[in-house]
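The structure under discussion appears below in the form of structure tokens.
The values are calculated or read from the model by the stated rules, or taken from the named source; none is laboratory data. None of the values given here were measured: they were computed from a predicted structure. So basically every Cβ, Gly included, is an ideal-geometry build from the backbone, and we count neighbours across all protein chains shown.
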């Protein structure tokens, strides 16, 4: 610490105030990166900026974005959920099997799938909180269980590894309005999932920054013992977060099922890390206590734009993974730098 | 500094012949002390002297097994920290119960956030909390430019002071400070001592636990010296000098023996 005249120090800090305030926002890095990638593909490919092109990458981003926002909340709360991807498949399969094989009412099937998803989320939270084991391990186990069950049970019941004939289920079209429809906006064929994505990002941001629950999410992720000492209901907060992630898995499962009318037993497998990467690119710390829902949504936008941009540019699709890894590393480095600039000692 | 006028009323917190056993272990016995309005009681002792047990009894973490504990002249046995807190007895622990990455104002109100609106639209009263945080810290003599900075960016002494201000705002009449200066450098410790004096001048009772006589002596009105779970005495400032205090704490004879031994080596 250097000692300077008080008046001089004061002025200096006030001048730096604006920049530091800006840098303190976790999503700034992701916003800059999103803009750069948008510009790059807009200039370098023909299809990227056409209405059909925009609708494509927005749709792609929305499915990842919904999960990334939920996973970001969970990460801010200091936990991981590796079963989030498999949950997308599980919920889709539940609805598909009980409606096509057993003729269960489609609305009831939706509710049952949601209830099961929430129960699995609660079970994750319960095991993590009661045992004190890292959520990384606990949800890794859940992930493998779901992955195995998804395949095995689907095979037992349907004899194949995918659900067919969803479109013929009574009430399918009514449900499709909520999960699989699209509407026209500025000549774009906008899928309804994009509306869900934007609405959930806004809701999550409001909860995080403007409600008691949001305050508690930051607190339990930042310093769990302190949170307990000041009376934050730690168990409830974590339980809510795991259930939110599972609930988001259900939503994405429905969005996919009612968009394409079919679901594979392997749906969602391998995507859990992409959600985490989107959240981290959006400014979430792996150690918890810091991050943003908007950032995670931007992270998903970057992923969606790159995923489709590489197709539009007619590059080898395998570059996506390499790009993703590079993005992640860059994001972690930027986060580190930003936190140092903001002067956070933790 | 005279606080004679305050001592006419019953002290906020008083213990008489208090003690605590854990099974067959005597952790503390026969300790008497009191703290009144605008008074600083310093509890001094080396490691294992029983300081922690003493705080736990006062803060309600453990119930005492011997003697009497009186709050405002009424005998009490605390079953939980919440009961002590409801009587205005707040404890600021060494780890301060703050979340480093969160802004100062969010930390200040964590767990007791102010809200406005109804039902699902109930949201944080951000403006109100920012304003109150700034005001309350100003009362403690802390001038923060920006209550939005993460509390982790404050110095140790400032963080300690925020924790004290928080306890005061939420109704504390007595603040128990568990070794607030032990992890701090000389300058930062000085900052905390200044805030202790400030809290005292605002009419709070302060119980200041420390093992450093040099920190205790300048701000203390009374000194409770503990050793091996018993009281070595309860002194007013006029009754003891800092040298006597140091010697008593370390155990005068033992210190002489040590000096002798070291000199020979």
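Points to keep in mind about this one:
- As a summary of the residue check, residue A:109 satisfies the conditions (1) assigned to a helix (DSSP H, G or I); (2) touching a residue at least 24 places away in the same chain (Cβ under 8 Å) except for the one numbered (2).
- Evaluating residue A:49 against the criteria (1) farther than 27 Å from residue B:100 by Cα; (2) in contact with a helix residue (DSSP H, G or I) (Cβ under 9 Å, 6 or more places away or on another chain); (3) in contact (Cβ under 8 Å) with a residue 40 or more places away in the chain leaves one unmet condition, (3).
- Considering A:129, A:75, A:67, the condition of being more than 16 Å from the chain's Cα centre (by Cα) and more than 19 Å from residue A:153 (Cβ to Cβ) is satisfied by A:129 alone.
- Residue count, segment A:291-346 (criterion: modelled with pLDDT of 85 or more, within 19 Å of residue A:77 (Cα to Cα) and away from every other protein chain (no Cβ under 14 Å)): 6
- Single residue of segment B:96-121 satisfying the filter (in a loop (DSSP other than H, G, I, E, B), facing chain A (nearest Cβ under 7 Å) and free of Cβ contacts under 8 Å to residues at least 24 places away in the same chain) that is nearest to residue A:212 (Cα to Cα): B:113
- For segment B:126-148, taking the residues that are in a loop (DSSP other than H, G, I, E, B) and more than 17 Å from residue A:219 (Cβ to Cβ), the one that is modelled with the highest pLDDT is identified as B:146.
- Residues in segment B:71-95 that are more than 13 Å from residue B:174 (Cα to Cα) and either in a helix (DSSP H, G or I) or more than 17 Å from the chain's Cα centre (by Cα) (or both): B:73, B:74, B:75, B:76, B:77, B:78, B:79, B:80, B:81, B:82, B:83.
- Residue match in segment A:209-218 (condition: in a helix (DSSP H, G or I), within 20 Å of the chain's Cα centre (by Cα), free of Cβ contacts under 8 Å to residues at least 12 places away in the same chain and more than 7 Å from chain B (Cβ to nearest Cβ)): yes
The rows are residues; the columns are (1) under 19 Å from residue A:238 (Cα atoms); (2) surrounded by 24 or more Cβ atoms within 10 Å (Cβ to Cβ).
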| position | (1), (2) |
| --- | --- |
| A:68 | yes, yes |
| A:86 | no, yes |
| A:89 | no, yes |
| A:92 | no, yes |
| A:100 | no, no |
| A:103 | no, no |
| A:107 | no, no |
| A:111 | no, no |
| A:114 | yes, no |
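- For segment A:219-243, filtered to residues that are under 15 Å from residue A:75 (Cα atoms) and within 7 Å of chain B (Cβ to nearest Cβ), the residue that is farthest from the chain's Cα centre (by Cα) is A:223.
- Test set (1) without any contact (Cβ under 8 Å) to a residue 12 or more places away in the chain; (2) facing another protein chain (nearest Cβ under 9 Å) - residue B:135 fails condition number: (2)
- For residue A:85, the requirement of being touching a strand residue (DSSP E or B) at 6+ places or on another chain (Cβ under 9 Å) and within 30 Å of residue A:163 (Cα to Cα) is not met.
- Conditions (1) away from chain A (no Cβ under 13 Å); (2) surrounded by 15 or more Cβ atoms within 10 Å (Cβ to Cβ): number failed by residue B:124: (1)
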